[in-house]
Amino acid sequence: MEEPTPEKIKKIFDQYYIADMNLWNEFAKSVTTRLFAKNEIIKEYNKTENYINIVVSGSAAHFVLADDKDICINLYYENQIFSDYLSFLTQSPTVIKTESLEETIIWSVNYKDLNALYVRSAKGLLIGKAISDAMFIRKQSVQINLLALSPTERYLKLIKERPEIFQRTSLKIIASYLGVTAESLSRIRKKIV
């Protein structure tokens, strides 16, 4: 199992926030490795999120429940940072469920340890900024795509950015993530081929 090293953590966060290695040395001390089987619940509906996570291998998704169906609102793959961030920040339950889509290894830091880092030094606050920036960039991008792009454009963008998703994630979940039915996704795929 891949251990969390400051170098690996820095590489993941560099796309959001460039910081000195000393910062990531401190952060890595609070990171634990967690393993989830395929389709295992990482965080249940109406529960409180206790972790900020990084996907090391595998994949995970956020779902909300609508009309008794799981609706996928986010997909996460290797080197992506994820959390039910609203729940994490407020330490209150939310309607989001997180589930592993494959056997998944994640590096996690819990709420208490992260806040202890914030209190210990200004460097700790910089870690919080890096996490917040990563979460905001991800969420804003997803919202813009959903509102500004057609389903076909969202599909094409997903193929361009993460083509491996289609070999690793069920079309039902991909369709849900794109905001279309499985039938509509099938029609989109037929038109493009």
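The values are calculated or read from the model by the stated rules, or taken from the named source; none is laboratory data. Quick caveat: nothing in here was measured; it's all calculated off a predicted structure. Ideal geometry is used to build each Cβ from the backbone, glycine not excepted, and the neighbour counts take in all protein chains shown. These area figures cover heavy atoms from the full protein model, side chains too; ligands, DNA and RNA do not enter into them. Shrake-Rupley method; radii C 1.70, N 1.55, O 1.52, S 1.80 Å.
Are any of the residues in region 108-124 more than 18 Å from Asn39 (Cα to Cα), open to solvent by 60 Å² or more (accessible area, probe 1.4 Å) and either at pLDDT 95 or above or in contact with a Pro (Cβ under 7 Å, 6 or more places away or on another chain) (or both)?
Checked region 108-124: at least one residue is more than 18 Å from Asn39 (Cα to Cα), open to solvent by 60 Å² or more (accessible area, probe 1.4 Å) and either at pLDDT 95 or above or in contact with a Pro (Cβ under 7 Å, 6 or more places away or on another chain) (or both).
Condition first: of a type in the set (A, V, I, L, M, F, W, C) and more than 17 Å from the chain's Cα centre (by Cα). Now tell me which residues in region 1-36 satisfy that.
Those that are of a type in the set (A, V, I, L, M, F, W, C) and more than 17 Å from the chain's Cα centre (by Cα): Met1, Ile18, Ala19, Met21, Leu23, Trp24, Phe27, Ala28.
Only one of these conditions is not met by Cys72: (1) part of a helix (DSSP H, G or I); (2) open to solvent by less than 70 Å² (accessible area, probe 1.4 Å). Which number is it?
(1)
Quick test for you: out of Leu86, Leu65, pick the one residue that is farther than 21 Å from Leu158 by Cβ, open to solvent by 40 Å² or more (accessible area, probe 1.4 Å) and assigned to a strand (DSSP E or B).
Every option except Leu65 fails the conditions.
I'd like to know if region 131-142 contains one or more residues that are under 16 Å from the mean Cα position of the chain (by Cα), assigned to a helix (DSSP H, G or I), at pLDDT 90 or above and basic (Lys, Arg).
No; the residues of region 131-142 include none that is under 16 Å from the mean Cα position of the chain (by Cα), assigned to a helix (DSSP H, G or I), at pLDDT 90 or above and basic (Lys, Arg).
Could you check region 5-55 and list, in sequence order, the residues that are buried (at least 20 other Cβ atoms within 10 Å of the Cβ), of a type outside the set (Val, Ile, Thr) and outside any helix (DSSP H, G or I)?
Matches in region 5-55: Lys43, Glu49, Tyr51, Asn53.
If Val180 satisfies every condition in (1) free of Cβ contacts under 8 Å to residues at least 60 places away in the same chain; (2) surrounded by 15 or more Cβ atoms within 10 Å (Cβ to Cβ); (3) not in a loop (DSSP other than H, G, I, E, B) but one, which is the exception?
(3)
Okay, residues lined up against (1) basic (Lys, Arg); (2) closer than 23 Å to Phe136 by Cα; (3) touching a Leu at 6+ places or on another chain (Cβ under 9 Å):
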{"site": "Lys10", "(1), (2), (3)": "yes, yes, yes"}
{"site": "Ala28", "(1), (2), (3)": "no, yes, no"}
{"site": "Thr32", "(1), (2), (3)": "no, no, no"}
{"site": "Leu35", "(1), (2), (3)": "no, no, no"}
{"site": "Glu44", "(1), (2), (3)": "no, yes, no"}
{"site": "Lys47", "(1), (2), (3)": "yes, yes, no"}
{"site": "Asn50", "(1), (2), (3)": "no, yes, no"}
{"site": "Leu65", "(1), (2), (3)": "no, yes, no"}
{"site": "Asn74", "(1), (2), (3)": "no, yes, no"}
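Regarding region 89-99, can at least one residue be identified that is under 12 Å from the mean Cα position of the chain (by Cα), surrounded by fewer than 21 Cβ atoms within 10 Å (Cβ to Cβ) and without any contact (Cβ under 8 Å) to a residue 40 or more places away in the chain?
The answer is no, given that none of the residues of region 89-99 is under 12 Å from the mean Cα position of the chain (by Cα), surrounded by fewer than 21 Cβ atoms within 10 Å (Cβ to Cβ) and without any contact (Cβ under 8 Å) to a residue 40 or more places away in the chain.
Go through Ser87, Ser83 for me and flag whichever is under 19 Å from Ile12 (Cα atoms) and in contact with a strand residue (DSSP E or B) (Cβ under 9 Å, 6 or more places away or on another chain).
Matching residue, one of Ser87, Ser83: Ser83.
Consider Ala175 against the criteria (1) touching a helix residue (DSSP H, G or I) at 6+ places or on another chain (Cβ under 7 Å); (2) surrounded by fewer than 19 Cβ atoms within 10 Å (Cβ to Cβ): it satisfies all of them except one. Which criterion is unmet?
So Ala175 meets the others, but not (2).
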